[in-house]
1. So, of the residues in region 8-25 that are assigned to a loop (DSSP other than H, G, I, E, B) and not acidic (Asp, Glu), which turns out to be farthest from residue 68 (Cα to Cα)?
2. Going by the conditions given, is residue 50 of a type outside the set (A, V, I, L, M, F, W, C) and in contact with a Leu (Cβ under 9 Å, 6 or more places away or on another chain)?
3. Taking interchain pairs and intrachain pairs at least six residues apart, which have beta carbon atoms under 7 angstrom, with the first residue in region 1-27 and over 17 Å from residue 54 (Cβ atoms) and open to solvent by less than 70 Å² (accessible area, probe 1.4 Å) and the second assigned to a loop (DSSP other than H, G, I, E, B) and not charged (D, E, K, R)?
4. Select from region 37-72 the residues that are surrounded by 11 or more Cβ atoms within 10 Å (Cβ to Cβ), aliphatic (A, V, I, L, M) and under 21 Å from residue 15 (Cα atoms) and list them in ascending order.
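The values are calculated or read from the model by the stated rules, or taken from the named source; none is laboratory data. As the structure is a prediction and not an experimental result, all values here were calculated from the model. Neighbour counts run over all protein chains shown; Cβ positions are idealised from the backbone, glycine included. Note: areas computed on protein heavy atoms with side chains; ligands, DNA, RNA excluded. Shrake-Rupley method; radii C 1.70, N 1.55, O 1.52, S 1.80 Å.
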Amino acid sequence: MFFPEDLERSEARLNLFARIQKRGLVVDLLVNNAGLAHFAPLDEASFGVTSAMLDLNVHALTHLTRLFLPGCLNASRAGS
């Protein structure tokens, strides 16, 4: 099952979570493997590109983990 979203955007992450919840799916393992890399000295890098990289690599990872963690923990405890 696929739920394509632009994970750079906070609204997209919330939408993803809502779609999964609406279907009654239980996420017991979350693999955060989305990522973006831009290689340039910071003083030469576009702030927009750097900001997009941080949004995806840090904010999305943290936000999705926070959204799905309670369900993952509940599923883990239920399986114990």
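1. If we filter region 8-25 for residues that are assigned to a loop (DSSP other than H, G, I, E, B), which is where we start, we get 8-9, 23-25.
Among the residues that remain, those that are also not acidic (Asp, Glu) are: 9, 23-25.
Details: 9: 17, 23: 14, 24: 13, 25: 11 Å.
Across region 8-25, the extreme among qualifying residues is 9.
2. Working: of a type outside the set (A, V, I, L, M, F, W, C): yes; in contact with a Leu (Cβ under 9 Å, 6 or more places away or on another chain): yes.
In short, yes.
3. Qualifying pairs under 7 Å: 16/3; 20/3; 20/27.
4. Scanning region 37-72 gives 52, 53, 54, 56, 60, 61, 64, 67, 69.
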